[in-house]
1. Counting other Cβ atoms within 10 Å of each Cβ, which trypsin sites (Lys or Arg not before Pro) in segment 26-66 have at most 14 and sit in a DSSP loop?
2. Compute the FRET efficiency between GLU118 and LYS140 as 1/(1 + (r/R0)^6), taking r as their Cβ-Cβ distance and R0 = 30 Å, and round to the nearest 0.05.
3. As I understand it, the value is the acute angle between the Cα axis of helix 59-72 and the longest principal axis of the Cα atoms of the chain; what does it come to in degrees, rounded to 10?
4. Determine the alpha carbon to alpha carbon distance for each of LYS47/LYS81; LYS47/LYS94; LYS81/LYS103; LYS32/LYS94 and list only those over 22 Å.
5. Below 8 Å, C-alpha to C-alpha, sequence gap of six or more: please give me the relative contact order for segment 53-144 in percent.
6. Does anyone have the angle between helix 76-88 and the longest principal axis of the chain? Alpha-carbon axes, 0 to 90°, nearest 10?
7. Could you line up VAL6, VAL89, VAL124 from fewest to most neighbouring Cβ atoms inside 10 Å?
8. Name the most mobile residue of ILE30, ILE117, ILE49, meaning the one with the largest mean-square fluctuation, in a Gaussian network model of the chain with Cα contacts below 10 Å.
Amino acid sequence: MGKYIVEGALLTDIPAGSIVYIYGLGNFSIAKKLYASFIQDKLLEIKDIQKRLKGEPTTLEICRQAHQDYLHNPSRSNQEKLRIAYENVPNHQKIYIGDMDTKDIEVRMIIYGEQEIENWSHYVLAKKKGETLPTIKFPKPNDS
């Protein structure tokens, strides 16, 4: 697969104006680029699919478990395990760590600091509308 990436045959970011040919099916042109994932993130996702097929935990499942471990025992050690697990998840899948509303914001706040809430869509919208700002509560490391 690495060969196809180097040769430019396997892409995740196709420039506008490009023509895509699919053997036996046809072709189409890219009018406008709306969203693309980095190729390295897609490769991580493929590795996760292979893990799932083998019955092994994916990076997303490992991160969710590390999050639960931290919540049950909020230590610096579990915070570091959560950081490592979170940073191994493909970027385009990190939003699935939490629920539909909070996405990965609580995990980011635990790892990188409470200021991460300012990047949360609910917070941004409430601030823009002049409404009461939402909060997310989580335990601080008990061995600080």
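Here, each number is a calculation from the coordinates, and none is a lab measurement. If you're wondering where the values come from, they're calculated on a predicted model, not measured in any experiment. Because the Cβ atoms are built from the backbone with ideal geometry, glycine has one as well, and the counts that use them run over all protein chains shown.
1. Working: sites: LYS32, LYS33, LYS42, LYS47, LYS51, ARG52, LYS54, ARG64; in loops: LYS32, LYS33, LYS54.
Here the sparse-neighbourhood loop sites are LYS32, LYS33, LYS54.
2. Numbers: r = 19 Å, r/R0 = 0.62.
Working from the Cβ atoms, E equals 0.95.
3. So the helix axis and the longest Cα principal axis differ by about 0 degrees.
4. Details: LYS47/LYS81 20 Å; LYS47/LYS94 16 Å; LYS81/LYS103 19 Å; LYS32/LYS94 25 Å.
Too far apart for the 22 Å limit: LYS32/LYS94.
5. Values: 89 pairs, mean separation 26.9, N = 92.
Relative CO of segment 53-144 lands at 29 percent.
6. 10
7. Numbers: VAL6 9, VAL89 25, VAL124 13.
By the 10 Å Cβ count, ascending: VAL6, VAL124, VAL89.
8. Answer for the Gaussian network model of the chain: ILE30.
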